[in-house]
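Heads up, the thing below is written out as structure tokens.
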Amino acid sequence: MPSALQLLWLVPALPLAGFLANGVLALRRPRAKHAVSIIGVGVLLAALALAIVIVLAFLREGTPGPLVFPYWEWMPVGELHVTVALQLDQLSAVMLLVVTGVSSLIHVFSVGYMGEDPGYARYFAYLNLFVFFMLVLVLGASFPVMFVGWEGVGLCSYLLIGFWFNERINADAGKKAFLVNRIGDVGFLVAMLMIFAHTGSLDFQPLFAQAPKLFTPGGPAVTAITLLLFLGCTGKSAQIPLYTWLPDAMQGPTPVSALIHAATMVTAGVYLVARCNVLYALAPVASAVVAGIGALTAFFAATIALKQWDIKRVLAYSTVSQLGYMFLGVGSGAYAAGIFHLVTHAFFKALLFLGAGSVIHALHHAYHATHSREDAQDMRNMGGLARHLPWTSTLMWVATLAIAGIPPFAGFFSKDQILSAAFSLGDVHPLWYVYWLLGLLTALLTAFYMTRLMLYTFHGPNRTGERESAHLREAPWVMTGPLVVLAALSLAGGALNVPALLRGREWLEHWLEPVTAVAARLRPGIEVPHGTEWALVIAAVAAAGLGIIAAVRLLRPEELVPARLAPAERGFARVLWKKWYVDEIYDFLFVRPLIWLSREVLWRTIDLGLIDGAGVNGAARLSRALGWIGSRLQTGQLGFYVVLFVGGVLAVLWTAVR
Amino acid sequence: MSLTQLVFWTFSALAVVGAAMCITRRSPVASALWLVQTLFSLAALFVVLDAQFIAVLQVLVYAGAIMVLFLFVIMLLNLGRAGPSDLKGPAGLAVATLLGGLLFFQLLRGATPSAAGTRGGNVMAQLQEEQGIVGAVARPLFSQYLIPFEITSVLLLAAIVGAVVLAKRKL
Amino acid sequence: MLLGPSLAVSAVLFALGVAGVLLRRNAIVIFMCVELMLNAVNLTFVALAQSLGVAGQIFVFFVMAVAAAEAAVGLAIILAIYRHKQTVDLQNINLLKG
């Protein structure tokens with residue numbers, strides 16, 4: 001085996017080392033920003049370079065099967081042997097490149113964006129730690145190792161959402177993300193235990209090789225396992241019903257939103273489903289649920305995004321919606337298409353978030369310069385920024401066209417493949433036509449709300465303020481540089497997997513074939529005639545075009561007023577603006593009863609009454625009562641003691657002498 | 001009834017009578033003197049039981065030293081006359097009789113000599129014939145039991161010091 | 001060989017000693033009753049030593065030494081208590097009261 005592959009452990013180890021170094025710096029020398037930048041970005045660039053070298057070596061090797069590198073035994077308990085092992089196969093190679101690549105760019109961007117923050121070193125320490133856990137997640141060779149990464153990224157997400165924890169709203173958002181994710185993680189854990197109970201192994205390679213023999217296709221066991229795994233995915237990847245944490249997670253710094261809550265961590269669920277493709281192929285019902293939840297989430301989140309004013313919240317709901325697309329893809333058995341959309345989405349959504357970050361940065365500086373207390377994220381305070389931020393504006397238009405699905409941008413190819421995969425299953429069950437239709441409507445809505453975002457932000461009159469607009473400036477090159485790279489990737493990313501219909505080579509599809517081969521055998525894809533396929537492509541593009549045109553024709557950026565003067569929304573717009581009141585419904589259905597249960601039953605009754613009252617104080621009272629009785633016996637009268645003493649001796653003699 | 005048995009029973013009776021009188025006399029001095037009778041009777045019993053050396057010690061240490069000490073203290077504290085509440089009332093008497101009686105029966109039940117107790121014959125008489133009355137006790141005392149013997153001296157020293165410290169008005 | 005009768009006499013003496021402790025209130029007399037109990041035990045030792053070997057007699061020797069020490073210290077304590085409370089009646093001494 002060539003030596004480069006042996007260095008796989010170094011890829012996650014580098015960010016871990018960066019975390020340790022930056023963590024020490026954060027505690028000892030928080031002002032050493034140069035050192036922090038060099039370490040924080042350096043380890044990521046080194047990891048990226050190493051990842052490229054390793055993937056190239058893997059390509060040269062040409063082995064179809066996964067390469068597993070066991071390092072040490074972690075939990076040898078009876079029949080359970082959990083080894084800390086990393087695994088490199090086609091799927092994790094893709095994820096490896098995406099994670100290290102996008103992370104590197106966002107680290108570079110952060111140097112500019114977070115440059116003036118007092119928590120600079122802490123920020124980079126968390127960010128490095130996140131990359132470490134994310135790499136463990138995608139490289140782990142067994143469920144427990146993956147779960148370490150899974151929980152680790154959740155922890156980093158929590159830490160970074162609440163990065164500015166002096167404000168209560170940020171800390172609350174972090175807590176919400178953490179708690180909602182816990183619900184999903186229970187599903188993951190139970191699924192893991194069930195897998196072990198049924199197969200006796202938690203390592204990916206033997207498990208997936210044996211799975212078709214061990215599970216009856218469509219049986220209750222595999223369906224339960226896959227549905228529970230998907231419950232974990234809905235938590236981590238923000239799908240219905242557990243998506244509510246992601247929009248709130250926008251309280252974190254914008255590069256964090258780009259990295260964790262758009263490009264990498266939230267796609268972990270998609271990765272998990274793609275990784276377990278054999279199991280999902282064995283459970284058609286679970287797959288249909290995955291696709292259905294995905295399609296529904298995509299549509300539902302897109303409707304909410306229509307009426308949001310916070311630029312990051314629009315992008316957050318857009319992320320939820322696009323993740324729904326990915327689940328629609330993997331649920332339809334088009335694992336390559338799902339992963340493909342994951343990759344392209346990582347590019348254009350990271351670009352959108354970083355662009356938004358650049359806008360927020362500019363507005364924040366402008367308001368800072370004039371000591372104004374306006375909201376730097378509200379689109380009603382923007383407008384006409386294309387004049388001040390030409391680079392950001394142009395690059396974000398590229399991303400908008402990509403996410404809308406206009407050819408030849410990356411999003412067109414990936415979205416189209418997902419939609420045609422869903423449509424092709426319509427022959428199996430008409431339900432899939434509904435999914436396809438939802439997907440198509442979502443494409444329209446996506447184009448609409450993204451155009452709306454661009455129009456309100458960059459075009460029309462400026463609403464920032466007379467004095468402030470003089471201070472609006474393009475961000476420095478450390479911030480625009482990553483944007484340019486991401487824009488190039490958003491533009492050309494589609495080349496990874498050009499469909500055969502357009503005389504493409506379907507490179508990613510073929511590349512992932514070794515991973516999905518078993519699933520493809522179990523659940524062969526349905527060929528759609530060329531004519532239908534063309535019709536589907538045209539429908540998708542038409543929907544996107546319609547969305548953009550409708551937005552341009554219907555929206556009037558010049559009629560908007562700044563946020564502080566704006567009237568409240570009314571009617572259906574208010575329902576959308578209030579996010580269909582889902583948070584309020586959850587609050588009423590789950591949060592309040594839970595708080596009531598905790599406060600009244602668990603705290604007042606059980607904790608204070610039973611444990612403190614009967615248990616702790618009861619024990620004290622009991623011993624005091626016994627002590628009181630005992631002290632009554634201590635009369636101080638020797639005669640009495642002697643009587644007791646002789647009585648005791650008699651008792652002893654009675655039993656001792658036979 | 002042989003002479004030995006006669007002597008034994010006579011002195012047993014004296015000892016028991018002495019003890020009974022000791023616990024029932026109101027006056028502490030009378031109690032002490034009845035106790036002296038019991039101790040002397042016990043010394044006689046020791047002689048009958050082939051423990052002549054112990055008998056001598058009994059007379060010297062108990063009847064001589066310890067009882068004199070008791071009498072000294074009684075007289076020192078001027079307790080010669082009987083106090084009003086020295087003996088407990090009928091209830092106390094009932095309890096004492098009941099518990100003492102029960103204890104007696106328990107002890108008697110346990111004190112029935114088994115075969116093991118008399119198996120070896122009269123070992124002491126044999127030893128005394130071989131080594132002499134004092135030698136039979138002295139030899140093991142100064143060889144096998146030397147360390148306890150020496151520690152006893154420390155105990156006595158500690159008792160002397162303790163008694164002085166406790167009894168003296170001012171140090 | 002008078003083992004059985006000796007043990008019986010010893011039991012009588014011991015029970016009388018216990019009864020005395022239960023019956024009396026005067027500290028010195030109670031102390032004397034304790035000595036009586038010790039002597040009852042000594043009689044047992046000596047009686048058993050007759051057939052089981054000289055160890056019993058040596059034990060009696062040590063018991064006497066301890067009794068002597070105990071008498072000295074005990075009487076000193078009684079003296080000290082008397083000085084403190086002007087009585088040796090145990091009814092009036094209840095320092096152990098809880």
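The values are calculated or read from the model by the stated rules, or taken from the named source; none is laboratory data. These numbers come from a predicted model, not from an experiment. Note: ideal-geometry Cβ built from the backbone for every residue, glycine included; neighbour counts use all protein chains shown.
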*Can you name every residue in region C:49-64 that is facing chain B (nearest Cβ under 7 Å) and either closer than 30 Å to A:Tyr641 by Cβ or of a type in the set (Lys, Arg) (or both)?*
C:Val60, C:Phe62, C:Met64
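Output the residues belonging to region B:140-159 that are within 15 Å of C:Ala65 (Cα to Cα), more than 7 Å from every other protein chain (Cβ to nearest Cβ), more than 21 Å from the chain's Cα centre (by Cα) and not acidic (Asp, Glu).
Going through region B:140-159, the residues within 15 Å of C:Ala65 (Cα to Cα) turn out to be B:141, B:145-159.
Next cut, more than 7 Å from every other protein chain (Cβ to nearest Cβ) only: B:146-147, B:149-151, B:153-154, B:157-158.
In the following step, the residues that additionally are more than 21 Å from the chain's Cα centre (by Cα) were identified as B:146-147, B:150-151, B:154, B:157-158.
Within region B:140-159, B:Leu146, B:Ile147, B:Ile151, B:Val154, B:Leu157, B:Ala158 qualify.
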*asked:* Out of the residues in region A:289-330 meeting the condition of being over 15 Å from the mean Cα position of the chain (by Cα) and of a type in the set (S, T, N, Q), tell me which one is surrounded by the most Cβ atoms within 10 Å (Cβ to Cβ).
replied: A:Gln308
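If I filter region B:81-91 for residues that are in contact (Cβ under 8 Å) with a residue 60 or more places away in the chain and either more than 7 Å from every other protein chain (Cβ to nearest Cβ) or not in a helix (DSSP H, G or I) (or both), do I get at least one hit?
yes
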*Would a scan of region A:519-532 turn up a residue that is out of contact with any Pro (no Cβ under 7 Å at 6 or more places or on another chain), at pLDDT 80 or above, aliphatic (A, V, I, L, M) and assigned to a helix (DSSP H, G or I)?*
yes
*Hits in region B:1-12 - residues which are small (Gly, Ala, Ser) and at the interface with chain C (Cβ under 9 Å from one of its Cβ atoms)*: B:Ser12
*So which of B:Ser12, B:Ser31, B:Ser41 ends up being under 14 Å from B:Met67 (Cα atoms) and in contact with a Ser or Thr (Cβ under 9 Å, 6 or more places away or on another chain)?*
B:Ser31
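Residues that are within 14 Å of chain C (Cβ to nearest Cβ) and either free of Cβ contacts under 8 Å to residues at least 12 places away in the same chain or in contact with a His (Cβ under 7 Å, 6 or more places away or on another chain) (or both): list the helices (runs of 4 or more DSSP H) wholly contained in region A:565-644 that include at least 2 such residues. Step through it out loud before you land on a result.
Numbers: elements: A:572-577, A:582-586, A:592-596, A:618-633.
It comes to A:618-633.
Here's the yes/no breakdown for (1) more than 29 Å from A:Arg632 (Cα to Cα); (2) crowded, with 20+ Cβ neighbours inside 10 Å:
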residue	(1), (2)
C:Val9	yes, yes
C:Leu43	yes, yes
C:Ala47	yes, yes
C:Ala55	yes, no
C:Gln91	no, no
C:Asn94	no, no
*Where residues in region C:71-98 are in contact (Cβ under 8 Å) with a residue 12 or more places away in the chain and more than 7 Å from every other protein chain (Cβ to nearest Cβ), which of them is farthest from B:Ala159 (Cα to Cα)?*
C:Ile93
_Filter region C:25-48 down to the residues that are at the interface with chain B (Cβ under 7 Å from one of its Cβ atoms), in a helix (DSSP H, G or I) and farther than 20 Å from C:Val12 by Cβ and list them by number._
C:Ile28
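Confirm whether A:Arg599 is modelled with pLDDT of 85 or more and either among the basic types (Lys, Arg) or exposed (fewer than 11 other Cβ atoms within 10 Å of the Cβ) (or both). Lay out the reasoning, then the answer.
Working: modelled with pLDDT of 85 or more: yes; either among the basic types (Lys, Arg) or exposed (fewer than 11 other Cβ atoms within 10 Å of the Cβ) (or both): yes.
Answer is yes for this residue.
Checking the structure you have, find out if any residue of region A:492-509 is in a helix (DSSP H, G or I) and farther than 20 Å from A:Ala334 by Cβ. Before you say what the answer is, go through the steps one by one.
The first filter runs over region A:492-509 and keeps only residues in a helix (DSSP H, G or I), leaving A:492-497, A:500-502, A:507-509.
Adding the requirement that they be farther than 20 Å from A:Ala334 by Cβ leaves A:492.
Within region A:492-509, one or more residues are in a helix (DSSP H, G or I) and farther than 20 Å from A:Ala334 by Cβ.
Applying the selection to region B:60-80, what residues are in contact with a Phe, Trp or Tyr (Cβ under 8 Å, 6 or more places away or on another chain), in a helix (DSSP H, G or I) and at the interface with chain C (Cβ under 7 Å from one of its Cβ atoms)?
B:Phe70
How many of the residues making up region A:556-584 are in contact with a Pro (Cβ under 6 Å, 6 or more places away or on another chain) and hydroxyl-bearing (Ser, Thr, Tyr)?
Residues of region A:556-584 in contact with a Pro (Cβ under 6 Å, 6 or more places away or on another chain): A:558.
Adding the requirement that they be hydroxyl-bearing (Ser, Thr, Tyr) leaves none.
Looking only at that region, the number is 0.
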*asked:* Residues that are surrounded by fewer than 18 Cβ atoms within 10 Å (Cβ to Cβ) and at pLDDT 90 or above: does region A:85-103 have at least one?
replied: yes
*Just a yes or no: is a residue in region A:137-149 over 19 Å from A:Ile54 (Cβ atoms) and of a type outside the set (A, V, I, L, M, F, W, C)?*
yes
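Take the residues in region A:187-202 that are surrounded by 22 or more Cβ atoms within 10 Å (Cβ to Cβ) and not aromatic (Phe, Trp, Tyr); name whichever of them is nearest to A:Ser318 (Cα to Cα).
Filtering region A:187-202 for residues that are surrounded by 22 or more Cβ atoms within 10 Å (Cβ to Cβ) and not aromatic (Phe, Trp, Tyr), the one nearest to A:Ser318 (Cα to Cα) comes out as A:Ala191.
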*asked:* Every residue in region B:19-59 that is within 9 Å of chain C (Cβ to nearest Cβ), farther than 17 Å from C:Ser6 by Cβ and in a helix (DSSP H, G or I), please.
replied: B:Ala20, B:Cys22, B:Ile23, B:Thr24, B:Pro28, B:Ser31, B:Ala32, B:Leu35, B:Phe53, B:Leu57
*Can you pull out the residues in region A:336-388 that are among the polar types (S, T, N, Q), out of contact with any Lys or Arg (no Cβ under 7 Å at 6 or more places or on another chain) and in a helix (DSSP H, G or I)?*
A:Thr344, A:Ser358
*What about A:Ala475, is it among the hydrophobic types (A, V, I, L, M, F, W, C) and in a loop (DSSP other than H, G, I, E, B)?*
yes
